[in-house]
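Colleague: Pasting a structure here, questions to come.
The values are calculated or read from the model by the stated rules, or taken from the named source; none is laboratory data. This is a predicted model, so every value here is computed, not measured. Backbone-built Cβ (ideal geometry, glycine too); neighbour counts: all protein chains shown. In case anyone asks, the SASA skips ligands and DNA or RNA and just uses the protein heavy atoms, side chains included. Shrake-Rupley method; radii C 1.70, N 1.55, O 1.52, S 1.80 Å.
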Amino acid sequence: MRLLESVAEHEHGAPAKQLARETGLALPTAYHLLRTLVHEGYLRRDKGLFFLGEAAERLSSSGAEQKRRSTVVEALAHWRDLIGVPVYYAQYRDGEIEVLCVSDSPGNPAVEEWADFRETGHAHAIGQCLLAQLDDESRRDHLDRYPVQSITPYTVRDGHSLLRRLERTARMGPVIERQEYALGTVCAAIPITVGNAAATMAISLPVHQADRLMAATQQLQEEIGRLMGSLAISISI
């Protein structure tokens with residue numbers, strides 16, 4: 001690991017003797033370890049100089065991805081505790097609705113996914129918020145693959161009605177949904193657009209706390225705005 005760290009500090013490569021000196025390793029030991037690292041793909045050797053290999057670059061990429069994911073997880077946990085609601089993060093990727101992170105607690109449990117979130121985007125705030133951010137063609141393509149169906153007495157009745165509702169949705173305004181996906185639950189989703197990605201942060205509450213929904217949503221919007229600069233890259237997980 002010390003050899004890898006030392007090589008990473010030399011953009012234009014470094015010879016074995018220099019790496020041995022920097023890491024405090026005996027030269028024969030350094031040579032042996034360097035050969036092993038080259039064989040395993042963590043380093044590559046070119047004209048007597050050692051550089052990071054593809055395996056090390058993949059490791060670095062995975063570490064960076066984990067760090068970005070950790071940033072999002074920590075933000076959601078902070079908002080969960082601050083506002084006292086479950087918080088969800090989702091994206092629309094490759095034609096699918098993907099809930100990537102949920103932060104809840106025993107006192108404020110998340111909505112149970114009793115019907116596949118991907119197939120019922122028309123019925124929940126997360127899906128409606130993501131669909132509202134898509135262009136017309138992508139939106140219709142999604143509904144062709146996942147037609148509108150009533151899953152509670154409050155679910156939107158048909159695709160035409162849903163499209164009209166989505167068209168009326170304010171571009172960056174929250175989407176509110178009341179018992180359309182799960183009886184006894186109200187939800188709100190806030191659109192987040194980073195580059196070309198459609199994304200959303202959402203919250204849910206039991207219906208007997210519905211009077212808290214708008215205030216909690218506004219508080220989440222303010223918190224997202226405060227942290228959006230540091231989250232902009234992280235939410236590409």
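Colleague: Determine the share of the chain's accessible area contributed by carbon and sulfur atoms, expressed in whole percent, with a 1.4 angstrom probe.
Modeller: On the way: 6430 of 12830 Å².
C and S fraction of accessible area: 50 percent.
Colleague: Related question: Say R0 is 35 Å: what FRET efficiency, to the nearest 0.05, do E9 and E74 get from their beta-carbon distance?
Modeller: Values: r = 29 Å, r/R0 = 0.83.
Step by step, r from the Cβ atoms, then E = 0.75.
Colleague: Going by alpha carbons, how many degrees (0 to 90, nearest 10) lie between the helix axis of 27-39 and the longest principal axis of the chain?
Modeller: That helix lies at roughly 40 degrees to the long axis.
Colleague: At 222 nm, what helix-only mean residue ellipticity would the chain give, in deg cm²/dmol to the nearest 500, using -39500 (n - 2.57) for each DSSP H run of four or more? Working shown, then result.
Modeller: Details: 8 runs with 105 residues, N = 237.
Value at 222 nm, helices only: -14000 deg cm²/dmol.
Colleague: Per residue of the stretch 173-186, in order, report the coupling 6.51 cos²θ - 1.76 cosθ + 1.60 (Karplus, θ = phi - 60°) as ³J(HN,Hα) in whole Hz, putting x for Gly and Pro.
Modeller: Once rounded to whole Hz, the list reads x, x, 9, 10, 9, 10, 6, 7, 9, 9, 4, x, 9, 10.
Colleague: Something else now. With a point put 7 Å past each Cα toward its Cβ, work out how far T36 is from D158 in nm, to one decimal.
Modeller: 7.0
Colleague: Please check the chain for the longest run free of GluC sites (Glu not before Pro) that are loop-located per DSSP (anything but H, G, I, E, B) and have at most 15 other Cβ atoms within 10 Å. Show your work: numbers first, answer last.
Modeller: Details: sites that count: E9, E11, E40, E112, E113.
Excluding the exposed sites themselves, the longest stretch runs over 114-237.
Colleague: Still on this structure: With N denoting the number of residues in the stretch 1-131, provide Rg(C-alpha) divided by 2.2 N^0.38 Å, to two decimal places. Walk me through the numbers before you get to the answer.
Modeller: On the way: Rg = 23.3 Å, N = 131, 2.2 N^0.38 = 14.0 Å.
In units of the globular-protein estimate, the stretch 1-131 measures up at 1.66.
Colleague: Give me the net charge for the shell around G53: Cβ to Cβ below 10 angstrom, other residues only, Lys and Arg +1, Asp and Glu -1.
Modeller: 0
Colleague: What is the set of long-range amide H partners of C101 at a cut-off below 5 Å, with H atoms built 1.01 Å from backbone N?
Modeller: Y89
Colleague: Give me, ordered by chain and number, the residues 5 or more places off A14 or on other chains with an amide H under 5 Å from its own placed amide H.
Modeller: Here the answer is F50, since their amide H atoms fall under 5 Å of that of A14.
Colleague: May I ask you to work out the translational diffusion coefficient for the chain at 4 °C, viscosity 1.567 mPa s, via Stokes-Einstein with Rh from the Kirkwood sum over Cα pairs, reported in whole µm²/s? Before the final figure, lay out each step's value.
Modeller: On the way: Rh = 20.5 Å.
Approximately 63 µm²/s, per Stokes-Einstein.
Colleague: Quick check: net charge around A90, other residues with Cβ under 13 Å of its Cβ, Lys/Arg +1 and Asp/Glu -1? Display every interim value, and only then the final one.
Modeller: Working: positive: R93, R118; negative: E96, E98, E113.
So the environment of A90 carries a net charge of -1.
Colleague: Amide H neighbours of R93 under 5 Å, at least 5 residues apart or on other chains, H built in the peptide plane: list them.
Modeller: Under 5 Å from the amide H of R93: E98.
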